[in-house]
Amino acid sequence: MSALVFYSLSAVVLISALGVVLLKNTLHSALLLGLCLAGVAGVFASLGADFLFSSQLLIYVGGIAVLLLFVVMLSGRSSELKLRQVNDQWLAALLICAVTFLGMRRYIFEAGTAVLTASPQPTTAALGKLLLGEYAVPFEAVSLILIAALVGAVVFSKARERKP
Amino acid sequence: MTLAHYLALSAALFLIGLFGALTRRNIIGILMGIELMFNAANINLAAFNRFLHPEGIVGSAVALFVIAVAAAEIVVGLALVLAIYRSQNTVYAEDISLLKG
């Protein structure tokens, strides 16, 4: 049963990720990115990380994917649908990916012996205690980063006034 | 399912995202590739937490921080894309060559 769940979620995640990377139409890429992020949320659920699952759905699928869709629709022209979307360096990029895979392969197969021992526990209450106790300082730092990003986004997207 | 299955899934997702970030011409496409790489890292964190420290939750906490920082990054990045599009009228990375003078 868990194998069926894992392989179907993997198929959804990987096929939609390939679509994100390879499709010509950026709008289709953005829609498939939403599907891929939802699949990753499913992977989190299969790993027993319930709070991570819900925040992935809320922040990534509900926030980031929608924001990307808005920007894609605001910044494109219909003539771009016929343009090539992959640059000239795709062969070099493929080589870089192959080399990176060779580096990671050893660790993947070394880690293969670990198996599940316990059934998953709900994590939300413990996460709240951790974030407001031991991890309070990084938590506040992240809220500072979010405020800075908010202000930065407003500053960058403000229409520039011409000097008289 | 062993840990290696999840690591292989996350490695594949990371490589797809890396390929997209390196080859897309559109800045929005590059940002999407970066998002895929963030998600691969988060799968790794959740998988290590579940398999190696099933009684702990620090992996989930770190993944939450990654999600928050990725959200901040994508917001600023998209605001920059819109600002560039307004002033340069393009979203293609090779056309943005103002620093060449």
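Computed from the coordinates by the stated procedures, all read-outs in this text should not be read as laboratory data. Model, not experiment: these values are computed from the prediction. As a convention, Cβ positions derive from the backbone with ideal geometry for all residues, glycine included, and neighbour counts pool all protein chains shown.
Residues considered: B:61, B:11, B:41, B:21. Of these, the only one that is closer than 17 Å to residue A:9 by Cβ and in a helix (DSSP H, G or I) is B:11. Can you tell me which residue within segment A:47-65, out of those that are part of a helix (DSSP H, G or I) and of a type outside the set (A, V, I, L, M, F, W, C), is farthest from residue B:72 (Cα to Cα)? Only one residue tops the list, namely A:50.
A quick yes/no check of all residues on (1) within 30 Å of residue B:20 (Cα to Cα); (2) of a type outside the set (Val, Ile, Thr); (3) under 23 Å from the mean Cα position of the chain (by Cα); (4) assigned to a helix (DSSP H, G or I):
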residue	(1), (2), (3), (4)
A:95	yes, yes, no, yes
A:101	yes, yes, yes, yes
A:106	yes, yes, no, yes
A:119	no, yes, no, no
A:130	no, yes, no, yes
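Answer yes or no as to whether residue B:80 is of a type in the set (A, V, I, L, M), closer than 26 Å to residue A:23 by Cβ and buried (at least 22 other Cβ atoms within 10 Å of the Cβ). When the stated conditions are applied, residue B:80 does not pass them. Test residue B:71 against the stated conditions and say whether it is facing another protein chain (nearest Cβ under 9 Å) and in contact (Cβ under 8 Å) with a residue 12 or more places away in the chain. Answer is no for this residue. Selection of segment B:32-68 for residues being over 23 Å from residue B:2 (Cβ atoms) and either facing another protein chain (nearest Cβ under 7 Å) or of a type in the set (Ser, Thr, Tyr) (or both) yields B:32, B:33, B:35, B:36, B:61, B:64, B:65, B:67, B:68. Look at residue A:44 and say whether it is touching a helix residue (DSSP H, G or I) at 6+ places or on another chain (Cβ under 9 Å), aromatic (Phe, Trp, Tyr), buried (at least 17 other Cβ atoms within 10 Å of the Cβ) and not in a loop (DSSP other than H, G, I, E, B). Yes, satisfied. Evaluation of residue B:29 against the conditions (1) closer than 26 Å to residue A:57 by Cβ; (2) surrounded by fewer than 17 Cβ atoms within 10 Å (Cβ to Cβ); (3) of a type outside the set (A, V, I, L, M) shows that the sole unmet condition is (2).
Report yes if residue B:31 is touching a residue at least 24 places away in the same chain (Cβ under 8 Å) and over 14 Å from residue A:43 (Cα atoms), otherwise no.
yes
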